[in-house]
């Protein structure tokens, strides 16, 4: 069952923190994907002049061929506060997703899932809101430490004694991406899907395409 988008009234960090803690208990950490994944989505967000831009790209899973992209731009009065960014980014992203002709079987989200101090980053929050399979793929570590043991080009992210994600080395001699469960997926499956979606770059192709769409929309909004 989808959950409410944001807060019931004006944003406050304390209300947002309580909502995150409450929603984190609803995250499903087991696989609920179809047997054959056909389409994968990429999600990104950008900002310009008091507005938040949501972007989504849909690719064929097997070929990573781009199928479509959609963007949406909305005014936001939610302040930029680390660990609360989902409250700024979810409204335009959900609007962009609603414009899609093709529904992805799984979304790769530029942000964290449960690898978050309160176990509810952007990817997890979005998964609950749209009731979809989501995976967090972040460029930087938000919480925890990377373990020493490497298996199949990834190392665990440990926070408060719990494995909350994986540092996945997608290209030789570059920083890893930080993968975590968003919603309705296991960590092992999340890692495999992210690896499958790597092309010639460190960042998975669906997120790269969403980023391109967000940058293009940002340029248009500035004009």
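Those residues that are surrounded by 17 or more Cβ atoms within 10 Å (Cβ to Cβ) and touching a residue at least 60 places away in the same chain (Cβ under 8 Å), I need them from the range 12-26; list them, please. Those that are surrounded by 17 or more Cβ atoms within 10 Å (Cβ to Cβ) and touching a residue at least 60 places away in the same chain (Cβ under 8 Å): 16, 20, 23, 24. Any residue at all in the range 155-164 that's closer than 21 Å to residue 45 by Cβ, surrounded by 15 or more Cβ atoms within 10 Å (Cβ to Cβ) and modelled with pLDDT of 95 or more? Among the residues of the range 155-164, not one is closer than 21 Å to residue 45 by Cβ, surrounded by 15 or more Cβ atoms within 10 Å (Cβ to Cβ) and modelled with pLDDT of 95 or more, which makes the answer no.
The values are calculated or read from the model by the stated rules, or taken from the named source; none is laboratory data. Model, not experiment: these values are computed from the prediction. Positions of Cβ are backbone-derived with ideal geometry, glycine not excepted, and every protein chain shown enters the neighbour counts.
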